[in-house]
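Enquirer: Handing you this structure, nothing more for now.
The values are calculated or read from the model by the stated rules, or taken from the named source; none is laboratory data. Quick caveat: nothing in here was measured; it's all calculated off a predicted structure. Quick reminder, even Gly has a Cβ in these numbers, built from the backbone with ideal geometry, and neighbours come from all protein chains shown. We work out accessible area using only protein heavy atoms, side chains counted, and drop any ligands, DNA or RNA first. Shrake-Rupley method; radii C 1.70, N 1.55, O 1.52, S 1.80 Å.
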Amino acid sequence: MNKETFYGRQILITGGLGFIGSNLARRLVDLGAQVTLVDSLIPEYGGNLFNIAGIEDKVRVNISDVRDEHSMSYLIQGQDYLFNLAGQTSHLDSMQDPYTDLEINCRAQLSILETCRKHNPNVKIVVASTRQIYGKPEYLPVNEKHLLCPVDVNGINKMAGEWYHILYNNVYGIRTCALRLTNTYGPRMRVKDARQTFLGIWIRLLVEGKSFEVWDGHQLRDFTYVDDAVDAFLLTAASEEADGQAFNLGGEGTISLKELADLLVEINGSGEYAVRSFPPNRKQIDIGDYYADYSLISSALGWAPKVSLREGLTRTLVFYRQYLKHYL
Ligand SMILES: NC(=O)c1ccc[n+]([C@@H]2O[C@H](COP(=O)([O-])OP(=O)(O)OC[C@H]3O[C@@H](n4cnc5c(N)ncnc54)[C@H](O)[C@@H]3O)[C@@H](O)[C@H]2O)c1
């Protein structure tokens, strides 16, 4: 990928007002791309107009729903790249309202691909998939050959959404690539509650000077700073080698949730938390320890995380100390 790859190109980002989508939009604007964001701004999800503060005059924003085939067929035409990030992200919500998760994470994905097949078969698509599709790991680190065995409705629908993309690549030659994201964090993530990530509510409470809860605390996890995730979206969009592939992303190392809580408190300079046992409805869909083997994307495309956890958390805390009010 060189700096010219996206210059002047037409780009559509679904979920573009959300956490990762808006960080991606910022980078693409800097690279001189013509960026359109489509987002439903459903209040329970991570979309937030403040996420595009400073670039609002440099992007086109279309508030619509990816389930609306008419909007999507208009928006997809003429695009060179489609970054497909719109999604229902809450695991618990997917258990309480499985049909909405099905509609957004599965059916809408198929209809987006059908629209591409009919109206824009030359578009290149990168879709945001998730490590959740592996379920409880049978071995660590988890590579792409690990069995897919989701533990919740969200994981099943995301898995199907991902595989529709791979199928359309293999059968119809529409170039697609899936990134299986692990915990991604950074400025512009949803911190109002734990719908997007537990780390969001931890950061909110820490910045507010309140105690947060760590459930269990022994689980091992890996974390990707959002700028590193954005690098991966751009690299895979620009690369023919990525077509038809699903790649894990990961972090620089692994950390238990209790160690993560200690690190956050240390970086913040103050703060406290309580260790609790898992609420039963969460325990049922918890995946235990997880960390990814991301050597496939490293060897194919040279991707590796660059931002350390300490540095990424520091940048995130600085952001929310300044802008928390826009995220409540
Ligand atoms: N953040 C993570 O740790 C993580 C981990 C694994 C996978 N992912 C995937 O990455 C993608 C982006 O996630 P994020 O963390 O930026 O979350 P996010 O909630 O901030 O972004 C998703 C965006 O999609 C929008 N959206 C939801 N349903 C929509 C619909 N029907 N029509 C149009 N827009 C809709 C939301 O308003 C939101 O802005 C999602 O697909 C998610 O599953 C994220």
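Enquirer: Yes or no: Tyr290 in a helix (DSSP H, G or I) and among the aromatic types (Phe, Trp, Tyr)?
Expert: Judged against the criteria, Tyr290 is not a match.
The rows are residues; the columns are (1) over 19 Å from Gly18 (Cα atoms); (2) at pLDDT 95 or above; (3) not charged (D, E, K, R).
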{"residue": "Gln77", "(1), (2), (3)": "yes, yes, yes"}
{"residue": "Asn84", "(1), (2), (3)": "no, yes, yes"}
{"residue": "Pro98", "(1), (2), (3)": "yes, yes, yes"}
{"residue": "Thr130", "(1), (2), (3)": "no, yes, yes"}
{"residue": "Lys145", "(1), (2), (3)": "yes, yes, no"}
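Enquirer: With the requirement that a residue be surrounded by fewer than 15 Cβ atoms within 10 Å (Cβ to Cβ) and more than 14 Å from the ligand (Cβ to nearest atom), what does the stretch 43-73 give you?
Expert: Result: Ala53, Gly54, Glu56, Asp57, Arg60.
Enquirer: Oh, and also: State all residues of the stretch 120-152 that are in contact (Cβ under 8 Å) with a residue 60 or more places away in the chain, of a type in the set (S, T, N, Q) and crowded, with 16+ Cβ neighbours inside 10 Å; if no residue qualifies, say none.
Expert: Residues satisfying the conditions are Ser129, Gln132.
Enquirer: Just to be sure I understand, how many residues within the stretch 169-193 are in contact with a strand residue (DSSP E or B) (Cβ under 9 Å, 6 or more places away or on another chain), more than 11 Å from the ligand (Cβ to nearest atom) and in a loop (DSSP other than H, G, I, E, B)?
Expert: 2
Enquirer: Assuming Asp262 fulfils every condition listed in (1) away from the ligand (no atom under 11 Å from the Cβ); (2) open to solvent by less than 30 Å² (accessible area, probe 1.4 Å); (3) free of Cβ contacts under 8 Å to residues at least 24 places away in the same chain apart from one, which condition is it?
Expert: The one condition Asp262 does not meet is (2).
Enquirer: Taking Tyr290 as the residue in question, decide whether it is open to solvent by 50 Å² or more (accessible area, probe 1.4 Å) and touching a strand residue (DSSP E or B) at 6+ places or on another chain (Cβ under 9 Å).
Expert: Spelling it out, it is not the case that Tyr290 is open to solvent by 50 Å² or more (accessible area, probe 1.4 Å) and touching a strand residue (DSSP E or B) at 6+ places or on another chain (Cβ under 9 Å).
Enquirer: Something else now. Look through the stretch 93-107, keep the residues that are aliphatic (A, V, I, L, M) and surrounded by fewer than 24 Cβ atoms within 10 Å (Cβ to Cβ), and return whichever of them is nearest to the ligand (Cβ to nearest atom).
Expert: Leu102
Enquirer: Name the residues in the stretch 9-41 that are near the ligand (Cβ under 9 Å from one of its atoms), open to solvent by less than 40 Å² (accessible area, probe 1.4 Å) and either without any contact (Cβ under 8 Å) to a residue 12 or more places away in the chain or on the phi > 0 side of the Ramachandran plot (or both), would you?
Expert: Passing the criteria: only Gly15.
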